[in-house]
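Right, one structure below, let's go through it.
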Amino acid sequence: MERVEGQSEGAESSGARYVFGPVFSRRLGQSLGIDPIPAKSCNWNCVYCQLGRTVPLRSERSEYFPSAEIVGEAEALLSKQAAGTIDWVTFVGSGETLLHSGLGWMLRRMKEITDLPLAVITNGSFLSDPEIRRELFPADAVLPSLDAGTPDLFKRINRPHPGISFHQHVAGLEAFSREYRGRLLLEVMLIQGLNDTEEALSDLAAIVDRINPDGIHLSRPDRPPVEPWVAPTDDEGFMRAASALGSVAQVLHPAESILFLDNPESAFEILLGVLIRHPLSETQLQRALAHWPEADASAFLDSLERSARIKKTERHGERFWVSMEAEFPSP
Ligand code: SF4
């Protein structure tokens, strides 16, 4: 699953625990994020994941944090946002969002609280359960993942929990597409030599035909993939995918990440809140500090180097800051 693109100083600066942003999302515009699960909780272990390896894989749904507390925080933050600054409210977990068993209740409550459209970003693996599909009905858009058109490639890319099969995943997406009245927008993460070949894309197109989504977002792992050997597709790979998957497919080119760090007192906590969910390259961080006095910026960077809560990892020749808890194997 692709996360969000940029980060403005909003929710984190107010000490929010579950709500972040508004952030810019290539898919949804300005989005207020709600993260209802602990990092990193997932039933997949995708080779391209930007949150590090999933250790251990979790497949049990649970009320990881109290649903009422999460919605209460979102309500409080929404009441402080100026009109017109948010396009969507998006449930997007530090892992698989639907692992939170209160998601259906939270969606219904959020519908009572706000007129803003609601989106859920998910890997889609729980959609084989009819009850869980119904939980998602109040959402205006659901954005599940589909990276492979065969069981073998599904296992190689998404490395799911042993209890999840490719056929179950596809059947869940098909059933959801038939029942759901909102917008179903698939996401395909394209990896060079794995799922961007003619053969892999033709297999994927056959599955997409059965699902019949409203749209397909084609992305590539521009932020650090957990496995060092993962290479993002190139422009030709994007073109092959767009032509194989038809007119509903849309290429999402990398967007400029924006991080505003204005206050040296709160900058570290804000940065940490961002890094748990979205690694940042050194260049992005330097840009965020560009307007600081040189001595302050240099002292801040020194404090990051000494911190026991964040670390650096290298991918595609670029260094990224990530949370210390994220498991990124050395290149
Ligand atoms: S489903 Fe999303 S959070 Fe889970 S491993 Fe894959 S990319 Fe990471």
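Structure notes:
- When residues in region 20-45 are screened for being away from the ligand (no atom under 16 Å from the Cβ), under 26 Å from I157 (Cβ atoms) and assigned to a strand (DSSP E or B), 2 of them pass.
- Matching residues, region 149-188, being within 12 Å of the ligand (Cβ to nearest atom), open to solvent by less than 10 Å² (accessible area, probe 1.4 Å) and of a type in the set (A, V, I, L, M, F, W, C): F154, I157
- Verdict on L143 being within 14 Å of the ligand (Cβ to nearest atom) and either touching a residue at least 40 places away in the same chain (Cβ under 8 Å) or under 24 Å from L28 (Cα atoms) (or both): yes
- Qualifying residue in region 123-134 (condition: in contact (Cβ under 8 Å) with a residue 60 or more places away in the chain and polar (S, T, N, Q)): yes
- Restricting attention to region 34-47 and to residues that are farther than 18 Å from S145 by Cα and in contact (Cβ under 8 Å) with a residue 60 or more places away in the chain, the residue that is most open to solvent (accessible area, probe 1.4 Å) turns out to be A39.
- Summed over region 92-109, the residues that are open to solvent by less than 10 Å² (accessible area, probe 1.4 Å), over 10 Å from I37 (Cα atoms) and free of Cβ contacts under 8 Å to residues at least 60 places away in the same chain give a count of 2.
- Residues of region 283-331 that are closer than 13 Å to R223 by Cα, without any contact (Cβ under 8 Å) to a residue 40 or more places away in the chain and of a type in the set (V, I, T): T283 alone.
- One residue stands out among those in region 83-126 that are among the charged types (D, E, K, R) and in a loop (DSSP other than H, G, I, E, B): the one that is nearest to the ligand (Cβ to nearest atom), which is E96.
- Selection within region 230-249 - free of Cβ contacts under 8 Å to residues at least 24 places away in the same chain and not acidic (D, E): M239, S243, S247
- For region 48-71, taking the residues that are outside any helix (DSSP H, G or I) and of a type in the set (A, V, I, L, M), the one that is most open to solvent (accessible area, probe 1.4 Å) is identified as V55.
The values are calculated or read from the model by the stated rules, or taken from the named source; none is laboratory data. Just so it is clear, the structure is predicted and the values come from calculations on it, not from any experiment. Every residue, glycine among them, receives a Cβ derived from its backbone with ideal geometry; neighbour counts consider all protein chains shown. We work out accessible area using only protein heavy atoms, side chains counted, and drop any ligands, DNA or RNA first. Shrake-Rupley method; radii C 1.70, N 1.55, O 1.52, S 1.80 Å.
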